[in-house]
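J.: Have a look at the structure that comes next, please.
The values are calculated or read from the model by the stated rules, or taken from the named source; none is laboratory data. Values in this document were obtained by computation on a predicted structure and should not be read as measured data. Note that each Cβ is placed from the backbone with ideal geometry, even for glycine, and that neighbours are counted across all protein chains shown. The accessibility values were calculated without ligands, DNA or RNA, using every heavy atom of the protein model including side chains. Shrake-Rupley method; radii C 1.70, N 1.55, O 1.52, S 1.80 Å.
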Amino acid sequence: MKIIRAAFKDVKKIHNVVQTTIKKVYPKYYPEGVVDFFLEFYSMENIKKAIDEEFFLVIECDGEIVGTGAIYEGEIKRMFVLPEFQGRGYGSLLLDVLERKVEYDGYTLGMLSSSLPAYTFYERNGYIPLVFEQIETQNGNVLCFHRMSKIV
């Protein structure tokens, strides 16, 4: 397993990791309309843009991309690990690398928005909830998430 910088050649694989994770995990926590919102938000085009604009990393195992994470203006974003690779410590290792980059960039707080499925993961890694937020999606469903932080 290694953590490396994402490249444009990885866009399809990254998109697959994100879409697969959302489709398999998010329906346990969110209604269909919110899952659809996430799937659209993490489109191929948005991932391409993120690779260009953000400090974007991937977790690679045996030549395959199994996880992602990014930083934009000190905020940790786009953390996804394929469900079959969750629980092996890969997400925590990636989060640690991202936190060190946040600190290196001069920030004292790691900030992020946590989906409901990821809340316990972030809490176990030292993040505390600041604000519970809700966004109504176009189809009237409500996306719930927490803004969280941790001193890095």
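J.: Can you give me the number of residues within segment 81-109 that are surrounded by 14 or more Cβ atoms within 10 Å (Cβ to Cβ) and of a type in the set (G, A, S)?
T.: Final tally of qualifying residues: 1.
J.: Now, a different point. If you go through segment 14-27 one residue at a time, how many are in contact with a strand residue (DSSP E or B) (Cβ under 8 Å, 6 or more places away or on another chain) and touching a residue at least 60 places away in the same chain (Cβ under 8 Å)?
T.: Residues in segment 14-27 being in contact with a strand residue (DSSP E or B) (Cβ under 8 Å, 6 or more places away or on another chain) and touching a residue at least 60 places away in the same chain (Cβ under 8 Å): 4 in total.
J.: Could you count how many residues in segment 34-69 are buried (at least 16 other Cβ atoms within 10 Å of the Cβ), of a type outside the set (F, W, Y) and touching a residue at least 40 places away in the same chain (Cβ under 8 Å)?
T.: Going through segment 34-69 one residue at a time, the tally reaches 11.
J.: Hey, another quick one. So, R78, is that one modelled with pLDDT of 95 or more and either β-branched (V, I, T) or loosely packed, with under 14 Cβ neighbours inside 10 Å (or both) or not?
T.: Values: modelled with pLDDT of 95 or more: yes; either β-branched (V, I, T) or loosely packed, with under 14 Cβ neighbours inside 10 Å (or both): no.
It is false that R78 is modelled with pLDDT of 95 or more and either β-branched (V, I, T) or loosely packed, with under 14 Cβ neighbours inside 10 Å (or both).
J.: Sort through L130, L112 and tell me the only one that's surrounded by fewer than 15 Cβ atoms within 10 Å (Cβ to Cβ), outside any helix (DSSP H, G or I) and either modelled with pLDDT of 95 or more or on the phi > 0 side of the Ramachandran plot (or both).
T.: Details: L112 fails: surrounded by fewer than 15 Cβ atoms within 10 Å (Cβ to Cβ).
On inspection, the qualifying residue turns out to be L130.
J.: If you take the residues in segment 1-13 that are in contact (Cβ under 8 Å) with a residue 12 or more places away in the chain, open to solvent by 50 Å² or more (accessible area, probe 1.4 Å) and out of contact with any Leu (no Cβ under 9 Å at 6 or more places or on another chain), which one is farthest from L57 (Cα to Cα)?
T.: K12
J.: Given the structure, is Y30 buried (at least 19 other Cβ atoms within 10 Å of the Cβ), in contact (Cβ under 8 Å) with a residue 12 or more places away in the chain and aromatic (F, W, Y)? Quick ask: steps written out before the conclusion?
T.: Working: buried (at least 19 other Cβ atoms within 10 Å of the Cβ): yes; in contact (Cβ under 8 Å) with a residue 12 or more places away in the chain: yes; aromatic (F, W, Y): yes.
Answer is yes for this residue.
J.: Further question: May I ask you to list the residues in segment 107-147 that are without any contact (Cβ under 8 Å) to a residue 40 or more places away in the chain, among the small types (G, A, S) and more than 19 Å from L39 (Cα to Cα)?
T.: Result: G126, single match.
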